[in-house]
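No lab work stands behind these numbers, since they all come straight from the coordinates. None of these values were measured; they are calculated from a predicted model. Here the Cβ positions follow ideal geometry from the backbone for every residue, glycine too, while neighbour counts run over all protein chains shown.
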Amino acid sequence: MAVFSFLVYRSHGYGIRYLDESYKSDLMTISERQKAPNMSENVCQNFRITNEMLNSSKCIIGEKSHIEPNVLLFGDSNSGHYVGTFNTLAKEAGLSLRNISISSCPPLLNNAEKYATVNAKSCKQSHAILKPYLLKYDHLIISA
């Protein structure tokens, strides 16, 4: 009984069900939904922002087009929680927006590094790179 219990435990309870393709598909879908926001493919979050991130099409959510969005969702890691919601809303409205999140760095335009909980130097560098880009957007959604 102990060996059987151990095998069930080690297989995470999948047992024979794991051989069923529909079960594996459902399990994959559920696992995908339970990812942390920063692990989602459209969440552009890092401890240090780069010019490549600011120009990446991966960071655009909503309707995909070749035109740069005029809305920016910007903040610390908490802004990543809203990417899914804004993605759905933007698609329904036929709009797009760019999202940029700097981990552990508040979305302040001056002296944000003073309030950074981790790696103040990266926070300061990221804001220096981001500031010139902010003027490109008609609307900013700030989240922290």
To the nearest 20 debye, the chain has a Cα-centred charge dipole, built from +1 on Lys and Arg Cβ and -1 on Asp and Glu Cβ, of 420 debye
Honestly segment 38-96 on the Cα gyration tensor test (a ≥ b ≥ c root eigenvalues; a/c under 1.5 rounded, otherwise a/b vs b/c for prolate or oblate) is just oblate
Cα-based Rg/(2.2 N^0.38 Å) for the chain, rounded to two decimals, is 1.37
Rounded to whole angstroms and listed largest first, the alpha-carbon spread of segment 80-144 along its three principal axes comes to 39, 24, 12
When the charge dipole of the chain is computed with +1 at the Cβ of Lys and Arg and -1 at the Cβ of Asp and Glu, the Cα pointing farthest to the positive end, of Asn99, Ile129, Asn42, is that of Ile129
Sorted by chain and then number, the residues having a modelled amide H within less than 5 Å of the amide H of Leu73, at least 5 places away or on another chain, are Arg98, Asn99, Ile100, Ile141
